[in-house]
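Here the structure comes first, spelled out in structure tokens, and everything after it is commentary.
The values are calculated or read from the model by the stated rules, or taken from the named source; none is laboratory data. All values reported here derive from a predicted model rather than from experimental measurement. Cβ atoms come from the backbone with ideal geometry, glycine included; neighbour counts cover every protein chain shown. These area figures cover heavy atoms from the full protein model, side chains too; ligands, DNA and RNA do not enter into them. Shrake-Rupley method; radii C 1.70, N 1.55, O 1.52, S 1.80 Å.
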Amino acid sequence: MAEQTALKLLRASCPTVSVGILTADLLALGSELALLERTGVKLVHIDVMDGCFCPVMTVGPPFIKAVKTPLLKDVHLMIADPLEKIADYVAAGADIITFHPEGCAHPHRVLQQMRNMTNANDPARGLVRGVALNPGTPLEVLKPLLDELDLVLLLAVNPGWGGQKFTPSTFDRIARVRQMTADARREILLMVDGGITRANTTEVARTGVDIIVTGSAVFDGKAAEENARFMMEAVEL
Ligand code: DX5
Ligand code: ZN
């Protein structure tokens with residue numbers, strides 16, 4: 001029996017960093033994950049792209065299942081029609097799931113459906129349910145979903161690739177989402193993803209976001225462990 005739910009564990013870790021692993025050495029995934037664990041990172045971010053919602057394809061449920069780690073698996077679904085597919089990602093061991101309402105006719109139903117699903121890692125742990133929004137999507141889409149949401153992910157780049165440049169209008173969007181969740185009296189976690197580097201982590205963290213996703217700035221093929229430590233310290237400044 002788990003002592004804490006995934007949502008409680010996540011809240012207790014914030015502000016924190018979720019590290020994207022698609023630019024890691026996937027043939028040495030075990031040691032790449034061990035490296036993150038050594039630095040105190042608590043979340044591993046897995047970008048799922050389906051070649052339909054996104055121009056490229058990345059990984060699916062078998063990969064998520066193969067990620068053996070005590071870190072919380074933060075699964076960002078950039079896929080079309082998640083309603084029919086989300087159960088497979090939960091069965092593969094996702095702890096946190098975000099999906100895009102832009103790729104989905106029934107986002108409210110997807111969230112309701114997830115409420116009744118069981119965390120495959122530990123049934124007592126529960127799932128963290130989130131939606132992710134592209135930089136060009138009006139924030140109003142969130143309003144009718146707030147009652148069912150644990151987390152909002154704001155993408156600061158368009159979905160598709162790591163290593164893109166952070167979109168400055170994200171700062172305004174962070175403030176507006178915060179206002180919206182405060183007005184609704186909902187404690188919803190806010191995650192920002194895309195274009196976050198050593199140079200701008202602290203600036204983004206100072207907006208008060210809860211979770212910063214960073215991929216290529218950590219797994220840069222050179223100094224991943226040092227980069228991860230730098231990011232973990234930068235979100236506390
Ligand atoms: C964008 C993805 C991001 C991205 C992060 O499609 O959702 O998670 O890969 O990578 P960096 O940190 O390199 O922008
Ligand atoms: Zn992502």
May I ask you to derive the FRET efficiency for residue 206 and residue 164 from their Cβ-Cβ distance with R0 = 22 Å, giving the value to the nearest 0.05? 0.55
Taking 41 Å as R0, compute the FRET efficiency from the Cβ-Cβ separation of residue 83 and residue 27 and round it to 0.05. 0.75
Sparse-neighbour loop sites [trypsin sites (Lys or Arg not before Pro); region 53-82; at most 16 other C-beta within 10 Å; DSSP]: 68
Number of Lys pairs in region 6-104 with C-alpha atoms less than 20 angstrom apart, excluding same-chain neighbours closer than eight positions? 8
Just the accessible area per residue of the chain, please: how many Å² with a 1.4 Å probe? 44 Å²
Along each principal axis of its Cα atoms, how long is region 45-91 end to end? Whole angstroms, biggest number first, please. 31, 20, 15
Give the carbon-plus-sulfur fraction of the accessible surface of the chain in %, rounded to a whole number; probe 1.4 Å, heavy atoms of protein chains only. 53 percent
Integer Hz, Karplus 6.51/-1.76/1.60 couplings in order for region 190-199, x for Gly and Pro: 10, 10, 10, 9, x, x, 9, 10, 4, 6
Built amide H within the under 5 Å cut-off of residue 164, gap 5+: 195
Per GNM of the chain with C-alpha springs under 10 angstrom, the most fluctuating residue out of 35, 155, 111 is 35
For the chain, averaging the sequence separation of alpha carbon pairs under 8 Å that lie six or more residues apart and dividing by its residue count, the contact order in percent is 22 percent
Taking only the Cα atoms of the chain, how large is their convex hull per residue, in Å³? 115 Å³
Expressed in nm to one decimal, what extension gain is obtained for the pair residue 112 and residue 171 from 0.36 nm per residue of sequence separation less their Cα-Cα distance? 18.3 nm
Using packing as a proxy for protection, rank 114-122, 47-55 so that the peptide with the highest average count of other Cβ atoms within 10 Å comes first. 47-55, 114-122
For region 24-136, radius of gyration divided by Kirkwood radius, i.e. Rg to Rh on alpha-carbons: 0.96
Order of 159-168, 123-132 by packing, highest average Cβ count within 10 Å first? 123-132, 159-168
Gyration tensor (alpha-carbon) shape descriptor, region 11-53, a/c threshold 1.5: oblate
